1. Treating only the Cβ of Lys, Arg, Asp and Glu as charged (+1, +1, -1, -1), what charge dipole size does the stretch 2-173 show about its Cα centre? Round to the nearest 20 debye.
2. Under a point spin-label approximation (7 Å from Cα along Cα-to-Cβ), what is the ILE364-HIS255 distance to one decimal in nm?
3. Once you've got the GNM for the chain with C-alpha springs shorter than 10 Å, pick whichever of ASP139, ASP19, ASP345 has the biggest mean-square fluctuation.
4. Can you find, among LEU36, LEU202, VAL252, the residue sitting farthest towards the positive end of the charge dipole of the chain, where Lys and Arg contribute +1 and Asp and Glu -1 at Cβ?
5. What is the distance, in nm, between label points placed 7 Å from the Cα along the Cα-to-Cβ direction at TYR2 and at GLU38?
6. In the structure displayed, which of LYS192/LYS270; LYS81/LYS250; LYS37/LYS221; LYS14/LYS129; LYS14/LYS83 lie more than 23 Å apart, Cα to Cα?
7. What value does the chain have for Rg/Rh, both radii from Cα atoms and Rh as Kirkwood defines it?
8. Counting residues in the stretch 98-226 as N, plug N into 2.2 N^0.38 Å and put the Cα Rg over that result.
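Please treat every number below as a calculation from the coordinates, not as lab data. Treat the numbers as computed from the prediction; the structure is a model and nothing was measured. So basically every Cβ, Gly included, is an ideal-geometry build from the backbone, and we count neighbours across all protein chains shown.
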Amino acid sequence: MYEALRNELIEYSKTIGIDEVGFASVEPFQDLKTRLKEQQELGYASGFEKGTIEERTTPSLLMSEAKSIIAIALSYPTRMKNKLPNKKGERRGMFARASWGIDYHIVLRDRLEKLADFLSEKIPSFQYKIMVDTGELSDRAVAERAGIGFSGKNTMIIHPELGSYIYLGEMITNIPFTPSQPLNVTCGDCTKCLDACPTGALVEPGRLNAQQCLAFQTQTKGFLDDEYRDKLGNYVYGFETCQVVCPYNKGVDFHHNEEFEPDPELVTPKLTDLLQVSNRQFKERFGMMAGSWRGKMPIQRNAIIGLAHYKEESSVGLLIELMTTDPRPVIRGTAAWAIGKIGTDEGFHAISTALQEESDKEVIEEMKKGLSFQKLEKEQEG
């Protein structure tokens, strides 16, 4: 009975935009438990994780009647139509591909709810618990056990055909489905992701120091450490070099779900426009994107860093305004640093003047960093 239902579910999943479905046992994830403890001891955890280590590795603690886990994967696009020009005077930022389209949490939960409705019609006593990224279980550990893909050296789950550009979600159920077979595939000798990681966050194959990962850093709310600023480029949310260089992602670009299609104006917004949106405007424009979850301030901070990356002189006036009038110290200070990085006489003069009025210690430090670029400039000229 359950084997027939399993096959029916797989066929149904294809009709609602699910690229891959697999089944996993609810046995505790012992290897993951050991690894999570190591991550905590080493200080590599991001701090965004939900639940205790026991809850994150023991499905039965999350649902007492747990008998199996259904894992799903949905692919997302890597290329956009009508790409907008990123040119001097109109520099644009970049949301990583995982934030294109409608927030994947919403889309995957919708697909999992559809699977739950399908099973509820077949099994009146059906029970389930859905999780997408923000739940206790590790989506990647579940997906690996369910045969969705293998765990790459970049810590991503890699599907042999879809690559790592996939969203993952799962549903604990009280139906004893037969588990899928994990894939017998590896990265082999390839180390392209480790070699390309700009911060060394991939400390070894399959181990990430989340604290050093630029994708994590774009979501922090304080000042971005100096060591990350020059490496961020024009990303305002997320970072994906470890995926871009992966051979399994070469040529991968799937457009299976309309919800994930990117709006070029939203995923590559003008950096100066980002700095002038109100909270209401930000929610109206970006609220349905996964990259909006931390609010506008981290994204605006990153946009300022992006302008510094391009040395965009046309933005100096706006940056001076932010440095002198914005109530948020992180924005004032980052603007001062960026003004110095861009390096105009007008900018250096504005920093010197604003420094006399500033009282926040961290902002003052950033202003001094901004002015240090002037000294460096003179030394190079000499």
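1. My answer is approximately 1080 debye.
2. Result for the modelled spin labels: 5.5 nm.
3. ASP345
4. VAL252
5. 3.3
6. Cα-Cα > 23 Å for LYS192/LYS270; LYS37/LYS221; LYS14/LYS83; rest within.
7. Over the Cα atoms of the chain, Rg/Rh equals 1.03.
8. So the Cα radius of gyration is 1.25 times the expected 2.2 N^0.38 Å.
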